[in-house]
Amino acid sequence: MQPVPLERADAARNRAHLLDVAREMVAELGACNVTMDGLAERAGLGKGTVFRRFRTRAGIFHALFDEEEKRFQHRVMAGPAPLGPGAPPVQRLVAFGRARLEFLVEHTALARAALDVTQPVPGESPSLFHVQMLLTEACPDDARTGTLALQLVAALEGPVLLYLQAPEDTPDPSRLVRDLSAGWQVLAERVTAPAAARPARR
C-alpha cells in the first residue's frame, strides 16, 4: 500500500485560510452568492490556488460541509447520551434521527451547494454504519441483511431532504424539524418493536 502523501505546510495553511474565508462569505452573503473568483479575491490568493484546492465551486462547499459533518459525528461517537454512548439502542436511534434532521435542516443551503451535478450521488451515507449498529442491538434478526438500515437512512439523508422546504423558505424552520422528527420517532420505534407488537403483515 502506497503511503498517503503529507500535505505541504503552506498548502495546508492556504486550505485552512480559504475555508475560513468561505465560511465568512457564506454567513455574510449566503451560499448561492459565493463564487470561486470572489473567494480568491477576498482571500488574497490566486484563482488557480482555489481551483487546485477545491477543483469546482461545489468542492468548496463539500469541504465546508465535511467539517460540519465531522463535528456531528464526534457528538454521535463521544457526546452525551442519548445521542452519544450510554443509552439503550432504540433511544439512541430516535435521538440520532432527531439530531440528524436538525443538522441537515440547519445546513440545507450548504448541502445543496456541495452537490456536484457532474458527479454521481454518493451511494453510502455517513449515517449507515451507525444506524446498522443500533438496529443490530435493538432487533438483530431484522437488521441482519442491512436492508432495514438502508431504508431508514433513506428517510434521513441529503438527497431526500434537499428537495424539502429549506429553512430560508419558511418562517418557522423549527416546525419542519419537529414534524420530521416526530415521523422519525414513529418509524424507529415501530421497526424496532417486538414482533408481537407490530401490525400483521399482509
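Every number in this text was worked out from the coordinates using simple rules, so none of it is lab data. If you're wondering where the values come from, they're calculated on a predicted model, not measured in any experiment. Cβ atoms come from the backbone with ideal geometry, glycine included; neighbour counts cover every protein chain shown.
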- Could you work out how far apart the two model spin labels at ALA16 and GLU41 are, taking each label as a point 7 Å from the Cα in the direction of the beta carbon, and quote it in nm? 2.8 nm
- Query: When Lys and Arg each count +1 and Asp and Glu each count -1, what net charge do the other residues less than 13 Å away from PRO89, Cβ to Cβ, add up to?
  - Reply: -2
- Message: I'd like the Karplus ³J(HN,Hα) series for segment 66-81: coefficients 6.51, -1.76, 1.60, θ = phi - 60°, whole numbers in Hz, and an x wherever there's a Gly or Pro.
- Response: 4, 5, 5, 4, 5, 5, 5, 5, 5, 4, 5, 7, 9, x, x, 5
- Which ³J(HN,Hα) values in Hz, rounded to whole numbers, follow from the phi angles of segment 132-138 under the Karplus curve 6.51 cos²θ - 1.76 cosθ + 1.60, where θ = phi - 60° and Gly and Pro get x? 4, 4, 5, 5, 5, 6, 7
- Message: For a quick check: sort THR192, THR145, THR35, THR49 by the number of other beta carbons within 10 angstrom, fewest at the front.
- Response: THR145, THR35, THR49, THR192
- Difference of contour (0.36 nm per residue) and Cα-Cα distance, ARG8 to THR147: 45.8 nm
